[in-house]
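The values are calculated or read from the model by the stated rules, or taken from the named source; none is laboratory data. Values in this document were obtained by computation on a predicted structure and should not be read as measured data. A quick note on method: Cβ atoms are made from the backbone with ideal geometry, for glycine too, and the neighbour counts reach across all protein chains shown. For accessibility, only protein heavy atoms count, side chains too; no ligands or nucleic acids. Shrake-Rupley method; radii C 1.70, N 1.55, O 1.52, S 1.80 Å.
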Amino acid sequence: MTQQKIATIFGATGFIGRYITQDLAKQGYIIRAASRTPNKAFFLKPYGNVGQVVPFPCDGSKKDIEKAVNGASLVVNCVGILFEKKKDQFKKIHTDLINDIAKASAKCGVNRLIHISALGCDTATSKYAASKLAGEKKLLKAFPEAVILRPSVVFGREDNFFNMFARMGRILPALPLIGGGHTKFQPVYVADIADAALKISESTPDAFKKFQGKTFELGGPDVVTFKDIYAKLKQHAGINFIELPLPWCVAKIEAAILGLLPKPLLTTDQVESLKTDNVVAAKGVKTFSTLGIQATSMDAVLPSYLKQYSYKKNKVDAA
Ligand SMILES: NC(=O)c1ccc[n+]([C@@H]2O[C@H](COP(=O)([O-])OP(=O)(O)OC[C@H]3O[C@@H](n4cnc5c(N)ncnc54)[C@H](OP(=O)(O)O)[C@@H]3O)[C@@H](O)[C@H]2O)c1
């Protein structure tokens, strides 16, 4: 009898984590969806057969982490935050947590460990980036065979980026172009990241040798500026707004005020992040093509979920 494969996914309830959960469940893994609030993970159960996707309590303590990874052959970490609400929260979540996951995984004999980091963490000057880079270093020290995926900004039905700007653009007359809107991104489709995680998880031992300890920079086929992103929003969401160029110093002041909201629309650290382009390095890095994945364009996916914001659609609905 073949033993059933167990995968522990930290952050399975999140935007990227749920796609990875779905792909691994299809591949026959028993999934431990590790979450601070396991009730929140119940929506993942239909991704597998009865009893295949198991919400698993994990409060982030070393004890809970060890319980979650014990017996698993594969561990994936998708936990992350975009802004700090408490001092040292980036460090706790992006650096200390992955360090503890890596140590527990090594101790429990986990075969493969995949960690979602962030593109540009080695070049950007934000606290977010620094905490992600420090996490990568701790991870490789504790579990040298780990594989790191660094996505650029991620799009997909449940994303918090295009949806947020579309919502704002629909109701506000103007949206800011921070630093003039020249920062470059390489938006990446969430299902392609899950595909990458799946290919790495399921690669043969020989193929895996080429991936272990390596970092993949994951960007989609389109390299766009923030200004281009607004154009895509207008095109696919059917909305219109004025683009208001904001110098960096004014953006920092605005962010200092918006950063006080319970769920900030913008923080000073995010403004700092925007000062560095967020694109895949030109040479010498592993990418989607290393895995034989053809990355999906924004135009192929954005219309499917942005059209809900269209003024026209809502006029028809109201009629
Ligand atoms: N989305 C993007 O555009 C993007 C781009 C580049 C890199 N990334 C990175 O990719 C990873 C996944 O991103 P995502 O967009 O899927 O994230 P997400 O949906 O915002 O959240 C992922 C998970 O993190 C856990 N989490 C959130 N706040 C936490 C806290 N204060 N303490 C402990 N756990 C917490 C939550 O799990 P529970 O509540 O179930 O515990 C949540 O489901 C992150 O590391 C992120 O930095 C994302």
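Tabulated data
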{"read-out": "Amide hydrogen neighbours beyond the local backbone of residue 218, cut-off 5 Å, H modeled", "value": "150, 152"}
{"read-out": "Cross-link table 26/283; 263/312; 91/227; 91/275; 92/127; 138/209, entries beyond 23 Å C-alpha to C-alpha", "value": "26/283; 263/312; 91/227"}
{"read-out": "Convex hull volume per residue for region 59-144, taking Cα atoms only, in Å³", "value": "84 Å³"}
{"read-out": "Within the accessible area of the chain (1.4 Å probe), percent carbon and sulfur", "value": "57 percent"}
{"read-out": "Radius 9 Å from Cβ of residue 241, net charge of other residues (Lys, Arg +1; Asp, Glu -1)", "value": "+1"}
{"read-out": "Calculated from backbone phi, Karplus (6.51, -1.76, 1.60) coupling profile of region 133-148 in Hz, x at Gly/Pro", "value": "5, 4, x, 4, 5, 4, 4, 5, 5, 7, 9, x, 8, 4, 10, 10"}
{"read-out": "Residue-wise HN-Hα coupling along region 5-18, computed from phi with Karplus coefficients 6.51, -1.76, 1.60 (Hz; x: Gly, Pro)", "value": "7, 10, 10, 9, 10, 8, x, 4, 6, x, 4, 6, x, 5"}
{"read-out": "Two-site FRET efficiency, residue 122 against residue 82, from Cβ-Cβ distance with R₀ of 22 Å, rounded to 0.05", "value": "0.75"}
{"read-out": "Listed residue (278, 77, 245) projecting farthest to the positive dipole end of the chain, Cβ model", "value": "77"}
{"read-out": "At R0 = 35 Å, FRET efficiency that the Cβ-Cβ distance of residue 261 and residue 208 yields, to 0.05", "value": "0.20"}
{"read-out": "Structure-based [θ]222 nm, the chain - -39500 (n - 2.57) summed over DSSP H runs of at least 4, per residue, nearest 500", "value": "-11500 deg cm²/dmol"}
{"read-out": "Environment charge of residue 72, counting only residues whose C-beta is closer than 9 Å and scoring Lys/Arg +1, Asp/Glu -1", "value": "+2"}
{"read-out": "The chain, relative contact order in percent, only Cα pairs under 8 angstrom and at least six apart counted", "value": "17 percent"}
{"read-out": "Percentage of interatomic Cα-Cα distances in the chain larger than 32 Å", "value": "29 percent"}
{"read-out": "Scaled radius of gyration (Cα, divided by 2.2 N^0.38 Å) that region 190-319 gives", "value": "1.39"}
{"read-out": "Estimated Rh, region 112-173: Kirkwood, alpha-carbon pairs, angstrom", "value": "13.6 Å"}
{"read-out": "Point-charge dipole on Cβ atoms (K/R +1, D/E -1) for the chain, about Cα centre, debye to 20", "value": "480 debye"}
{"read-out": "Cβ-derived FRET efficiency at R0 51 Å, residue 312 paired with residue 89, nearest 0.05", "value": "0.80"}
{"read-out": "Dipole magnitude (debye, nearest 20) for region 77-160, charges at Cβ of Lys, Arg, Asp, Glu", "value": "260 debye"}
{"read-out": "Region 243-313 shape via C-alpha gyration tensor axes, a/c threshold 1.5", "value": "oblate"}
